[in-house]
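Rule-based calculations on the coordinates, nothing more; no lab input. In this text, all values refer to a predicted model and were calculated from it rather than measured experimentally. Because the Cβ atoms are built from the backbone with ideal geometry, glycine has one as well, and the counts that use them run over all protein chains shown.
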Amino acid sequence: MTDKPQEKAFEISDNKGFHMTFENGWTVSVQLGAGNYADNYHLPFEYFKKVNSATSNKAEFWSWNKDRSKKYPKEPKGYLTVEEVWKLMAIVRRKKNEQKK
């Protein structure tokens, strides 16, 4: 198949987290795997290629606009609780819609 995949609102990223893209063009990234600022930071990357699921009490959060020229926050925030991730997602969800011209 030579067609490029269409952009989707949800994406699994490397078996260790997910991305969600809001209608305003901003994408949030919630990660909890090896190398991410979460409980599983020190696990080997190979582990996440083998497992069907992973768990963590903390996660890493970051977001960016459609062309990645803006990021919120400026650097990934790590070791966040569910409530902290949810609050950051709400901020991103309310950002100005940059897709409208």
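Tally Lys and Arg at +1 and Asp and Glu at -1 over the other residues with C-beta under 12 Å from the C-beta of Y41: what net charge comes out? For residues surrounding Y41, the net value is 0. Taking each of K50/K87; K50/K74; K16/K58; K50/K71; K58/K96; K16/K95 in turn, the alpha-carbon distance tops 23 angstrom for K50/K87; K50/K74; K50/K71; K58/K96; K16/K95.
The long axis of helix 82-93 is offset from the longest Cα principal axis of the chain by roughly 20 degrees. Positive-end ranking of Y47, F61, T27 along the dipole of the range 1-63, with charges on Cβ about the Cα centre, is headed by Y47.
Computed FRET efficiency, Cβ-Cβ of K50 and K70, R0 22 Å: what is it to the nearest 0.05?
Numbers: r = 35 Å, r/R0 = 1.61.
Given R0 = 22 Å and the Cβ-Cβ separation, E is 0.05.
For the range 1-72, what class follows from the C-alpha gyration tensor (a ≥ b ≥ c being the square roots of its eigenvalues): rounded when a/c is under 1.5, otherwise prolate if a/b is larger than b/c, else oblate?
Oblate shape, in that a/c is at least 1.5 and b/c is the bigger or equal ratio.
Note: relative contact order over the chain, using C-alpha pairs below 8 Å and six or more positions apart, is 25 percent.
Between F18 and E84, the simple label model (points 7 Å from Cα in the Cβ direction) yields a spacing of 2.1 nm.
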